[in-house]
1. Looking only at the stretch C:80-99, which residues are closer than 14 Å to C:ALA43 by Cβ, facing chain A (nearest Cβ under 7 Å) and either at pLDDT 80 or above or in a helix (DSSP H, G or I) (or both)?
2. Could you grab me the full set of residues in the stretch A:279-302 that are in contact (Cβ under 8 Å) with a residue 12 or more places away in the chain, open to solvent by 60 Å² or more (accessible area, probe 1.4 Å) and within 10 Å of chain B (Cβ to nearest Cβ)?
3. Hey, among C:LEU72, C:LEU54, which residue is open to solvent by 30 Å² or more (accessible area, probe 1.4 Å) and free of Cβ contacts under 8 Å to residues at least 40 places away in the same chain?
4. Could you identify the single residue in B:GLY12, B:GLY96 that is open to solvent by 70 Å² or more (accessible area, probe 1.4 Å), assigned to a loop (DSSP other than H, G, I, E, B), at pLDDT below 85 and out of contact with any Lys or Arg (no Cβ under 9 Å at 6 or more places or on another chain)?
5. Kindly indicate the residue of the stretch A:5-36 that is surrounded by 16 or more Cβ atoms within 10 Å (Cβ to Cβ) and not hydrophobic (A, V, I, L, M, F, W, C) and also farthest from the chain's Cα centre (by Cα) among those meeting that condition.
6. Considering only the stretch A:169-233, give the helices (runs of 4 or more DSSP H) lying wholly within it that have at least 2 residues that are in contact with a Phe, Trp or Tyr (Cβ under 6 Å, 6 or more places away or on another chain).
7. Can you pull out the residues in the stretch A:119-142 that are at the interface with chain C (Cβ under 10 Å from one of its Cβ atoms) and outside any helix (DSSP H, G or I)?
8. Exactly one of (1) under 18 Å from the mean Cα position of the chain (by Cα); (2) open to solvent by 40 Å² or more (accessible area, probe 1.4 Å); (3) more than 12 Å from every other protein chain (Cβ to nearest Cβ) is unmet by A:PHE276. Its number?
Amino acid sequence: MSDVLEVALRLLAVLAAFLVLPLLVGQAEHKAMAHMQGRLGPMYAGGFHGWAQLIADGVKFAQKEDIVPAGADRRVFQLAPAVALLPYLVVLIVLPVGPNGFVGQVVDAGLFFVLAVMGVGVLGSLMAGWASANKFSLLGGLRTAAQLMAYELPMLLAAASVAMAAGTLSLPLIVEEFEWWWLPWQAVGGLVFFTAGLAELQRPPFDMPVADSEIIFGAYTEYTGLRFALFLLAEYAGIVVLCLLTTVLFLGGWHGPWSDSLGWLWTLLKGTALAFVVIWLRTSYPRLREDQLQRFAWTVLIPLALAQIALTGVVRVVAQ
Amino acid sequence: MSDDAPRSEPSGTASGRRLPGRGLAKGLAVTLRTMTRRSVTDQYPDALPELPPRSRGVIGLFEENCTVCMLCARECPDWCIYIDSHKETVPATTPGGRERSRNVLDRFAIDFALCMYCGICIEVCPFDALFWSPEFEYAEEDILDLTHERDRLREWMWTVPVPPALDPAGEEPKEVAAARKAAERPDPPEQPGTEPGRPGGRGPRREGEA
Amino acid sequence: MILTAEANGFLSPNGVEIVFLLVGVVTLGAAVITVTTRQLVHAALWLVVALGGLAVEYLLLTAEFIAWVQVLIYVGSVVVLLLFGLMLTRAPIGRSPDADSENRWVALAVALAAAATLVTVVADAFRSTWIDLDRSVQGSPEVTGESLFRHWVLPFEALSVLLLAALVGAITLSRRRGADDAPASPKQER
């Protein structure tokens, strides 16, 4: 009985994190981006520096009318936000936060599980793009698909490099194997992984699929109200997942001083720093053009990832 | 992110590709530096903005100076100035003199729904009856209320700021120069008419403030 | 639901069997809809359901690694490629009347023959083999890797050479215009 209770509690905690962390990232983005642009950002909602802005946004979205275009494919259109959002929730379950089982659920081949499920999320964008019966949405869907196919490979290769280094596919075990000198050793892989992850999330500077100056909002153009909010939530949940995953794989997760008691804090701190980098990149760089996007993936990231794998293999063999 | 600079730039000059990723790092530095500085946002409804003295907010009328010459109404590009007047005869000041006729202002209104804030009326007014005021908070719920009548235009007059001082390195105003010339003439008769202190030749003369 | 059941084992093995059968029925149904629906994109999406069901079946057979690879490759990449192709060419919302090819009976015959062959072979090969769910996992990445790289290295390498050849072929075909310059080095082999 206590087993069931424990599982339920863990899942509840993961759900809470899933609902809170993306909002935190979103709020941080509001404020950090504003200050990077010399603005203040939201200042009113909630009183103190607009801390409740995203809650207010959520209330607003919930009140809005939920419109399905007449020409749209109703069921696919309505299903798409769930397909986009749920994979990130599932991924969050297996991400280890601290040592000694501080994780929703240990999955043996956790690394593969995470990458596989994250890839599914993009199907939501594709469904939305097709089902909206809107040419801009369709273009957005096409770009999403092209981008996913280009960036999935370097991401996988970089992750494979870590798996080779650790000799395991289980995320907690990868963190346990981590040594400080993995940082320089896996640096290139980490960069490739993080960049490709950004591209998969369609975050700037890789936001060609939702380029608002060209195709309005890509696949999400026709969405309103709560469904639109779910897509946005999926984006920020994606940031959370990507940052935590990069932390776990490349930055040593909970390793740090007093990691026995404060391990979870280290993971969250590193993840927060990465989330800040995500926001920072968005503010600093212009959008890559579609051909630049593709060329960057195929001619820069993939060779780099392959080189990282070769390096990992050589070091592994030599070190043993 | 530092290893993706030298791709896809067809005309990379020698200095441009000195260090790959330099531009990317610079971009990050700019945003980070901006973040550490105070933001430039004015919290408007809470804190009023500090407007420069020549802001074009609203037009004030100093009707004592108005002679109903109609120049402003005629020059206005979108015909937003309405002037009504009638003539009055003034009895002769000297016995046996001729009666004078004089224009009396009945209505002076500016429709700020039409006004495009070009300032031509103020420029053409030969008698300094119109002035810019930086006040801008006169939004209305009814567009008809944006037609400010004479009394309202007069109220704006009290908000007209003192004109900014002339640039110390600038040329002397013509009036002052003429007065000085007259004063420096050998054996001058006293010239009480000019005040050398206030170079108020072209700007508003601040009658309203007194 | 199935996932937690599998990982925590509070369902009896009998329960796992029931779930296995149910998922199998769902998978089969999705597959049938995939080939019979007149709406192209719906077919692709039902394919996702079918492939996902298959992954669940792998999971229930404790072949964890294969299951995630199934999701990663098929749901994550192949279906995306499929959808991409559909969107790029023609993907009307609603029925496509010309989606029906003339030889559906031939296709049915081929499908039935293939299914019969596979069922016979698999039933013959694993006639009385039972997977002991309580024992150590037999499809874990470790076990899979060991058997792949210890006992089946040669087929594995042969397969990779085959894929390499296919890759080179694809590149040569697509670069027919500039036939003189050498084909790009096929780096991404796996």
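1. C:LEU83, C:MET87
2. Matches in the stretch A:279-302: A:ARG282, A:PRO286, A:ARG289.
3. C:LEU54
4. B:GLY96
5. A:HIS35
6. The qualifying helices (runs of 4 or more DSSP H) are A:187-200.
7. Hits for the stretch A:119-142 are A:SER132, A:ALA133.
8. (3)
The values are calculated or read from the model by the stated rules, or taken from the named source; none is laboratory data. Predicted, not measured: the structure shown is a model, and the values here were computed from it. Here the Cβ is made from the backbone with ideal geometry for all residues, glycine too, and neighbour counts use every protein chain on show. Calculation scope for accessible area: heavy atoms of the full protein, side chains included, ligands and nucleic acids excluded. Shrake-Rupley method; radii C 1.70, N 1.55, O 1.52, S 1.80 Å.
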